[in-house]
Amino acid sequence: MTHEVCGGKGREAATACPVCGTKGQKVPEITVASLLNTPAAASLKAIQYNLCLSSSCNVVYYGDNGTVFTKENVRVPVWFKEESPRIICYCNNVTDNEILAHIVTRQCCHSLKDIREHTGANAGHDCLTQNPAGT
């Protein structure tokens, strides 16, 4: 299964993931550099990196030159490659379970504005360096 990531329109990768063959999404270099663990970050090159959009592929980022970085190389879980609880807002570490609890159990959220106020989701400003998609 592949995913469309918010903010991905117009950022389609020129190459497909070398492991699964799924076409990815371009990711800013600062995003990759910020989220790779230290040993993996040491091997970064000045090339275009892309986010593999397959939920079943272990690759998170791949370079146009065939370089791959897997889930083990990234400091944060990638929401669409994991089971619940999934991080929805990386800036404020808000999960899908927290949002659902506010909507279903507490019944205090009826709009995006409510969710933002009650959970802090979608209220951060560090998506470029915290969110694996850079958005």
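Please work out which residue is nearest to I30 (Cα to Cα), limiting yourself to the stretch 110-125 and to residues that are assigned to a loop (DSSP other than H, G, I, E, B) and at pLDDT 90 or above. If you could, list the steps in order and put the result at the bottom.
We begin by selecting, within the stretch 110-125, every residue assigned to a loop (DSSP other than H, G, I, E, B); these are 110-111, 120-125.
Of the ones still in play, those that are also at pLDDT 90 or above are 110-111.
Details: H110: 35, S111: 32 Å.
Of everything passing the filter in the stretch 110-125, S111 is nearest to I30 (Cα to Cα).
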Taking the stretch 84-135 and keeping residues among the hydrophobic types (A, V, I, L, M, F, W, C) and either under 27 Å from Y62 (Cα atoms) or touching a Phe, Trp or Tyr at 6+ places or on another chain (Cβ under 9 Å) (or both) leaves I87, I88, C89, C91, V94, C127, L128, A133
Of the listed residues (S43, S56), the one being among the hydroxyl-bearing types (S, T, Y), at pLDDT 95 or above, open to solvent by 40 Å² or more (accessible area, probe 1.4 Å) and farther than 26 Å from R116 by Cα is S56
Do we have R106 as more than 15 Å from the chain's Cα centre (by Cα), charged (D, E, K, R) and surrounded by 16 or more Cβ atoms within 10 Å (Cβ to Cβ) here? no
Flagged in the stretch 106-131 as under 29 Å from Q48 (Cα atoms) and in contact with a Lys or Arg (Cβ under 9 Å, 6 or more places away or on another chain), in numbering order, are N122, A123
Of the residues in the stretch 69-99, those that are in a strand (DSSP E or B) and surrounded by fewer than 17 Cβ atoms within 10 Å (Cβ to Cβ) come to T70
All conditions in (1) exposed (fewer than 14 other Cβ atoms within 10 Å of the Cβ); (2) over 30 Å from T15 (Cα atoms) are true of G66 except (2)
Checked pairs for the stretch 31-52, first touching a residue at least 24 places away in the same chain (Cβ under 8 Å) and outside any helix (DSSP H, G or I), second surrounded by 18 or more Cβ atoms within 10 Å (Cβ to Cβ) and of a type in the set (F, W, Y), C-beta under 7 Å and 6 or more apart or across chains, list as L36/F69; N50/Y61; N50/Y62; L51/Y61; C52/Y62
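Looking only at the stretch 109-135, filter to residues that are loosely packed, with under 14 Cβ neighbours inside 10 Å and not aliphatic (A, V, I, L, M); which one of those is nearest to the chain's Cα centre (by Cα)?
Restricting attention to the stretch 109-135, the residues satisfying the condition of being loosely packed, with under 14 Cβ neighbours inside 10 Å are 110-114, 123, 125-126.
Subset that is not aliphatic (A, V, I, L, M): 110-111, 113-114, 125-126.
Working: H110: 25, S111: 23, K113: 22, D114: 23, H125: 15, D126: 13 Å.
The qualifying residue nearest to the chain's Cα centre (by Cα) is D126.
The values are calculated or read from the model by the stated rules, or taken from the named source; none is laboratory data. Just so we're clear, the structure is a prediction, and the values are computed from it rather than from any experiment. Cβ atoms come from the backbone with ideal geometry, glycine included; neighbour counts cover every protein chain shown. The protein model used for the area step is the full one, side chains on, heavy atoms only, and it has no ligands, DNA or RNA in it. Shrake-Rupley method; radii C 1.70, N 1.55, O 1.52, S 1.80 Å.
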